[in-house]
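J.: This is the structure I have questions about; it appears just below.
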Protein chains: 4
Amino acid sequence: MPTKKELLTSPIQHIDIKQHNVVPMVDAMHSMAYSSRDLARAASIYERMLRDQECGVILCLAGSLISAGLKQIFVDLIRNNMVDAVVSTGANIVDQDFFEALGYKHWIADDLYRQGTEDATLRELMIDRIYDTLIDEEELRLCDDTCKVIADALNPRPYSSREFIREMGAYLEKQGKTPEKGGVDSIIYSAYQTDVPIFVPAFSDCSAGFGLVAHQHGRGDKPKVSIDSVKDFYELTQLKIANPTTGLLMIGGGVPKNFAQDIVVAAEILGLDAPMHKYAIQITVADVRDGALSSSTLKEASSWGKVDTTFEQMVYSEATLALPMITGYAYHKKAHAQRKQRRWSRLLEPVTA
Amino acid sequence: MPTKKELLTSPIQHIDIKQHNVVPMVDAMHSMAYSSRDLARAASIYERMLRDQECGVILCLAGSLISAGLKQIFVDLIRNNMVDAVVSTGANIVDQDFFEALGYKHWIADDLYRQGTEDATLRELMIDRIYDTLIDEEELRLCDDTCKVIADALNPRPYSSREFIREMGAYLEKQGKTPEKGGVDSIIYSAYQTDVPIFVPAFSDCSAGFGLVAHQHGRGDKPKVSIDSVKDFYELTQLKIANPTTGLLMIGGGVPKNFAQDIVVAAEILGLDAPMHKYAIQITVADVRDGALSSSTLKEASSWGKVDTTFEQMVYSEATLALPMITGYAYHKKAHAQRKQRRWSRLLEPVTA
Amino acid sequence: MPTKKELLTSPIQHIDIKQHNVVPMVDAMHSMAYSSRDLARAASIYERMLRDQECGVILCLAGSLISAGLKQIFVDLIRNNMVDAVVSTGANIVDQDFFEALGYKHWIADDLYRQGTEDATLRELMIDRIYDTLIDEEELRLCDDTCKVIADALNPRPYSSREFIREMGAYLEKQGKTPEKGGVDSIIYSAYQTDVPIFVPAFSDCSAGFGLVAHQHGRGDKPKVSIDSVKDFYELTQLKIANPTTGLLMIGGGVPKNFAQDIVVAAEILGLDAPMHKYAIQITVADVRDGALSSSTLKEASSWGKVDTTFEQMVYSEATLALPMITGYAYHKKAHAQRKQRRWSRLLEPVTA
Amino acid sequence: MPTKKELLTSPIQHIDIKQHNVVPMVDAMHSMAYSSRDLARAASIYERMLRDQECGVILCLAGSLISAGLKQIFVDLIRNNMVDAVVSTGANIVDQDFFEALGYKHWIADDLYRQGTEDATLRELMIDRIYDTLIDEEELRLCDDTCKVIADALNPRPYSSREFIREMGAYLEKQGKTPEKGGVDSIIYSAYQTDVPIFVPAFSDCSAGFGLVAHQHGRGDKPKVSIDSVKDFYELTQLKIANPTTGLLMIGGGVPKNFAQDIVVAAEILGLDAPMHKYAIQITVADVRDGALSSSTLKEASSWGKVDTTFEQMVYSEATLALPMITGYAYHKKAHAQRKQRRWSRLLEPVTA
């Protein structure tokens, strides 16, 4: 049996869209067919939503994207004012982004270890597998523990995930886990610095959940931190109300897609008639024929009054191929050049830990 | 333009596995190939986990399953003691199951209206579409409102989704929305009666979210009900600790799959070494190659120490085809005949509204 | 390393739809959603095309279906007068059906051997793998050789694949490889007996191709048998002209789907205005978004004037699940009871070897 | 109803990989995950097979690729000595490439017309649809007719598709449908000029089939041109024997994939022990779980002794996204710089019309 160290030698490296001017290639794809044409149209819609001065942009993340080498893209979108809020699964934000911010890495699985037949060996070595990528489970446990440490230090009350994630940003700053101090950059820290709120509506469903369960377990009958997902929904809805024109850039489906689409209806329920999301892009390989929300078309969302149909585009592609092209296109066309910074976190109630 | 009434004439009807003895056909499939053989093996594993007296069965639901005609299956599993806990998306439990319990229905979309090209018409008529199925949006709003009514009546504090859903069961009983009183049966009510806990880890991401946002908005600065997803995770983990041998019957992936798998690790973090899930079945059409959790193999989960590989089976099929066969097989083989009722809700802290 | 014999112990067994009355279950699926409703509608369309006295039914086979345990279904369709012509890939008809008619079997791969990681072992043992199914390559070579033997005995000239396959039926009869003589039944032999023509438009792309290449190689410069795929197309078009009302039952896509759809246009080119296929069903898991013919909708085929849209249905399912239900439904509803036998082989030029 | 002219205004334009240096981006993808890493590995394998002086490269085409804007890539591969033989479906080579060589175009379908709901209108206007692309059916009929004209002029005997396609190249030259004479370049013509053989094993399954059926119909009992698919197989096998080291670059599956893989076995049957294909790449979105050849892994092919597993890579992507990157990578790395031209057509029997 190999050692853990032997298996964890080649790290995942994050693609830097700033280095690759894909504009000419994406422009060529406008006159092709199938996914390339859809991708080109999606890129143009993203460009258009960035140029629309009224439009707030919500980025939705599902699937294991950070471990796949896409982290730098999201950091660049945040730092270049190309996104105003993030809605994500917990795995992306905590297990993967925060994990890397703490100094850990994801590793390339070589061919033998991505087949599934060696998973018992990986188990024994305490290595976790995500398809073709490996993680040191012992490091992941340290990530869980850090979430407990953060919770333990907080005033016990219900928090939105957004509030808690902001505390994670503050923790990184305090610990010097920042690019300024020689650490790696992260979604959490860049969003912390630029007041971009991050929502994880199913926040206990990740490494943070482990830390928080340990926290609540440790507190016993005493007051404890809880995570109020209703508050997340309420906060995101308030942003929609404050900034009625919105666009969605969605990778994958799942809870983030549903959650972000639903705020239109939530605003209406609060008596404030918000318009549908004006722009919407989804990158996915999910097949529409199973009827699930993840794969449902953006046209279907229009029947629910959630997404307008003028500027919507589904892109049928695994995200590591499509996302660098769509975001790189908007970046190199400088679509964000005139964009005002929204600093939406400041609109929400001050975090009082 | 047609009227709403003209479009909503043929209701979805739920398949009754008790009427269809699929045992001979599934047995034949054991000697075929591809999905049929996988399905037969999954059916045998489900049979086996029901016959295993030690095994607690956790049912995981993702995708729009109730609207698709599968509700009666889940009710039958609960009433026949074939499942001990449910982990689900909110849409299945609130927007669809609770919605039907309140007396509303889902409707078959005829060919023209399932294409997507008539979604603007549907929008105008306040009809929502799920692929080939239609819903009266005004009725759905009444479902949202009912969630608010339930929240308004509760003692303001953090609740697990399980606690809140139990209150929804109590509400149905109080309002006479039960089969005994001439209403239709439901997952929520059957689980309420049999003490089967239902967890919805992303509880604000559904009709209940709308009601709860309205509740919190209405309360302003006063104490309010919040939904603590950490508590859900803690509760489900306690069940795993109390009943170490477990099996998963998963339809779709998403948060329910991840959440239920994670309790093995959570138990370990609490210092109680729980075994991996001994049995696991997942029905899905998600393609493994996008690397997402929803599509990840159960072998991959074994590298995380979550699922044992001896009795695991992925079934590649849309659920409306595979689920009646897998569950019908176990039902007609009377695999549950000797099973003890677990009444897991009673293990958890008493609901004190 | 195991021996070949150890790996080839559990044979694939073909499902017998005559034993499973799926009518009540399929009827229930009419009021469900997604694939189940589509499947129920497809079953009704197949029933309808069998009850339509004018309608000739063309069965199209792509994918490895015979090796998967579906052979008996096709034999039953032929023997019960539920299909009038077959268009197939070569693998189904030669490598798998003829192969089994010669007395060989397909074998169930156990879990370890279906993962792909043991393929080098299989290679060494001369075992071929089809996903989760194993074949003795040495037996397959005997199947190739038999095709050469048949070709060597024929008058050297261009043959349609249909003519050649008819000779294969005659060979089985001559060799006593028939159910009457204690052999197993086959698509080729049942079609031979009932004058159901079988077309394999890419006939060299299978075991027969190996035999025929050996034949042509052996003949050197002397006259040889050749396979004229134009003749296939011409013959099938003649059937369309002779029997203008037609229906397609398609499993998978590929050449068979395209070929059978195209005869409408071919008839028109010959100056005989044939109507579009009146009925069409396709079972497939191919995703429409790659733009390929295999996955293209039947509505798209209507733009080409090939398929009418009144009675068409795509069913999104792997075939081993959907086909027994669709064909079993029509069989148990006795849709074929009043059907006249067409014996289309007799319409085509007599085979003169 | 719009006019045909109004619908056919924006032509598909073919992407030019020579204009887009994707090397840095593909190199970055080597350290990512999922499809991007697979794509990068595939690009490296293609580079490697071009640098291997022994290796003959066979390009396999399935799916509607030319109509999708990929034609120029294939022309560039041929003209830059990056491919030695082509195996394709008929649609790509005849209905699309030859069609464009005759001066016709493919057209972008706007959003309304790609949904399927307007196919009756398209039918009436004699416009054919391929997913999101439109074709003038009257022009396609002229393409069919041209195939008949070519056949009528040939000496009546069995031809391999390769021989016939070479005649199509000669026809283009004779008619001045060449870039030199102001026409557009084509796969057929570039291959004609460079002696790259093109095989279409199911040759009657396309526009050529229509022309050839008309030809055979017109000839009645007189001698006629036939297309011998066995001869195709024999010829391609002879190339494998003459040049034992081979690599496959496959887009899609279907007959081309099977056919090209099978020549290893065919060589063996002719008594000449040819090695497995040393390199193999397949770009596809087909899901492996249906067991079909199109989706089967290249590892599975190794069990059949067809493909070596050292340098094989499946890439899960729709081709319009992946192919420009894979081929562009090899092109811009000048992998072909030292490659010798094989002119394989000259190895095969001289075409004697």
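Bear in mind these aren't lab numbers, they're just calculated from the coordinates by the rules spelled out. All values reported here derive from a predicted model rather than from experimental measurement. Neighbour counts run over all protein chains shown; Cβ positions are idealised from the backbone, glycine included.
J.: If you average over every viewing direction, what projected area does the convex hull of the Cα atoms of the range B:223-297 give, in nm²?
T.: 6.5 nm²
J.: Work out, in µm²/s and without decimals, the Stokes-Einstein translational diffusion coefficient of the protein assembly as shown at 10 °C, 1.306 mPa s, Rh from Kirkwood over C-alpha pairs.
T.: Rounded, D is 49 µm²/s.
J.: So what are the radius of gyration and Dmax for the Cα set of the range C:30-78, in Å?
T.: Here Rg and the maximum Cα pair distance are 13.2, 33 Å.
J.: Now, a different point. Across the range C:21-33, in residue order, what do the Karplus-derived ³J(HN,Hα) couplings come to in whole Hz, using 6.51 cos²θ - 1.76 cosθ + 1.60 with θ = phi - 60° and x for Gly and Pro?
T.: Along the range C:21-33, the couplings run 7, 8, 4, x, 5, 5, 4, 4, 5, 4, 9, 9, 10 Hz.
J.: Sticking with this structure for a sec: Normalised by the residues of the range D:27-181, what does the relative contact order come to in percent, with Cα pairs under 8 Å and at least six apart?
T.: 16 percent
J.: Right, here's the next one. Enter the Cα centre distance for the pair the range C:54-127 and the range A:109-171, rounded to the nearest angstrom.
T.: If you average the Cα positions of each part, the centres end up 46 Å apart.
J.: Express in % the proportion of alpha carbon pairs of the range A:61-127 at distances exceeding 20 Å.
T.: Considering the range A:61-127, 41 percent of its Cα-Cα pairs are separated by more than 20 Å.
J.: Then there is this: Over the range A:100-150, what is the relative contact order in percent, taking alpha-carbon pairs closer than 8 angstrom and at least six residues apart?
T.: Contact order relative to length: 34 percent.
J.: On to the next question. Cα-based Rg of the range C:1-105 per 2.2 N^0.38 Å, rounded to two decimals?
T.: Dividing the Cα radius of gyration by 2.2 N^0.38 Å gives 1.31.
J.: If you don't mind, another one. What residues qualify as long-range amide H neighbours of residue B:127, i.e. H under 5 Å apart, gap of 5 or more or another chain, H built at 1.01 Å from N?
T.: B:137
J.: Net charge around residue D:174, counting only other residues with Cβ within less than 12 Å of its Cβ (Lys, Arg = +1; Asp, Glu = -1)?
T.: Surrounding charge for residue D:174 is 0.
J.: Let me know the Rg and Dmax you get for the range D:109-178 when you use only its Cα atoms, in Å.
T.: That works out to 16.7, 48 Å for Rg and Dmax.
J.: In what order do A:206, A:143 fall by count of nearby beta-carbon atoms within 10 Å, going from fewest to most?
T.: Result, fewest neighbours first: A:143, A:206.
J.: So, one more: Run a plain Debye calculation on the range B:203-263 (Cα atoms as equal point scatterers, no solvent) and give log10 I(q)/I(0) at q = 0.24 Å⁻¹, rounded to two decimals, same order as the q list.
T.: Per q value, in the given order, log10 I(q)/I(0) is -1.01.
J.: Still on this structure: Using a 10 Å cut-off on Cβ to Cβ distances, tally the other chain neighbours for every residue of C:3-13 and report the average as a whole number.
T.: Shielding by partners across C:3-13 averages 1.
J.: What is the ratio of the Cα radius of gyration of the range B:103-149 to 2.2 N^0.38 Å, where N is its residue count, to two decimals?
T.: Against the empirical 2.2 N^0.38 Å value, I get 1.23 for the range B:103-149.
J.: If you take every DSSP beta bridge whose two residues both sit in chain B, what share of them, in percent to the nearest 5, is antiparallel?
T.: 20 percent
J.: Taking residue C:48 in one copy and the same position in all the others, each labelled 7 Å out along Cα→Cβ, what are the pairwise distances from the first, in nm, shortest first?
T.: Output for residue C:48: 3.9, 4.4, 5.4 nm, nearest copy listed first.
J.: Now for a separate question. Over the whole of C:129-140, what's the average partner chain Cβ count within 10 Å per residue? Rounded to a whole number, please.
T.: 4
J.: Sequence gap at least 6, Cα distance under 8 Å: using those rules, report the relative contact order of chain A to the nearest whole percent.
T.: Computed over chain A, the figure is 27 percent.
J.: Moving to a separate point now. If we hang a label 7 Å off Cα along the beta carbon direction at residue B:181, how far is it from the matching labels on the other copies, in nm, shortest first?
T.: Computed spacing set for this position: 5.9, 7.5, 8.6 nm.
J.: Turning to a different aspect of this structure: Using modelled backbone amide H atoms (1.01 Å from N, in-plane), which distant-in-sequence or interchain residues come within less than 5 Å of residue A:313's amide H?
T.: Excluding prolines and chain starts, which carry no amide H, the hits are A:280, A:281, A:282.
J.: Give the Debye-formula value of log10 I(q)/I(0) at each listed q (0.17, 0.18 Å⁻¹), with one equal scatterer per alpha carbon of the range A:83-231, two decimals each.
T.: -0.97, -1.05
J.: When the C-alpha atoms of the range D:277-342 are aligned to their principal axes, what extent does each axis show, in angstrom, from largest down?
T.: Between the extreme Cα coordinates on each principal axis of the range D:277-342 lie 40, 28, 19 Å.
J.: Same structure again: Taking amide hydrogens as modeled 1.01 Å from N in the peptide plane, which residues meet the under 5 Å criterion relative to residue C:307, leaving out close sequence neighbours?
T.: Here C:277, C:302 satisfy the definition.
J.: Thinking of the range B:194-353 as a set of Cα atoms, what percent of all their pairs are more than 20 Å apart?
T.: Of all Cα-Cα distances in the range B:194-353, 61 percent exceed 20 Å.
J.: Oh, and also: What whole number of Å gives the distance from the Cα centroid of the range D:4-42 to the Cα centroid of the range D:214-245?
T.: For the range D:214-245 versus the range D:4-42, the Cα centre distance is 35 Å.
J.: Further, regarding this structure: R0 = 35 Å: FRET efficiency of residue A:222 with residue A:193, Cβ-based, nearest 0.05?
T.: 0.55
J.: Here is a further query. List the residue from chain C whose beta-carbon is nearest to the axis that rotates chain C onto chain B, together with that distance in whole Å.
T.: Output: C:321, 3.
J.: Here's something else I'd like to know. Restricting things to alpha carbons, tell me how big the range B:141-224 is in terms of Rg and Dmax, in Å.
T.: That works out to 12.9, 41 Å for Rg and Dmax.
J.: Under the Kirkwood approximation for Rh and a Cα-based Rg, what ratio Rg/Rh is obtained for chain B?
T.: Ratio value, two decimals: 0.96.
J.: Can you pull the three principal axis extents for the Cα set of the range A:180-229, in Å, largest first?
T.: 40, 24, 18
J.: Still on this structure, please answer the following. Note the per residue figure in Å³ for the convex hull of the C-alpha positions in the range B:164-276.
T.: Dividing the Cα hull volume of the range B:164-276 by its residue count gives 139 Å³.
J.: Could you work out the mean count of beta carbons from other protein chains within 10 Å of each residue's beta carbon in C:280-289?
T.: If you average over the peptide's residues, the count of other-chain Cβ atoms is 6.
J.: Can you list, shortest first in nanometers, how far residue B:222 lies from the same residue in the other copies, with each label 7 Å from Cα toward Cβ?
T.: Label-point distances to the other copies, shortest first: 3.2, 9.8, 10.3 nm.
J.: Three principal axis extents, largest first, for the C-alpha atoms of the range C:54-165, in Å?
T.: Principal axes ranked by extent give 50, 36, 20 Å for the Cα atoms.
J.: Another question, then. What is the spin-label model distance, in nm, from residue A:149 to residue D:174 if the labels are put 7 Å beyond Cα along the C-beta direction?
T.: Placing both labels 7 Å beyond Cα along the Cβ direction yields 8.2 nm.
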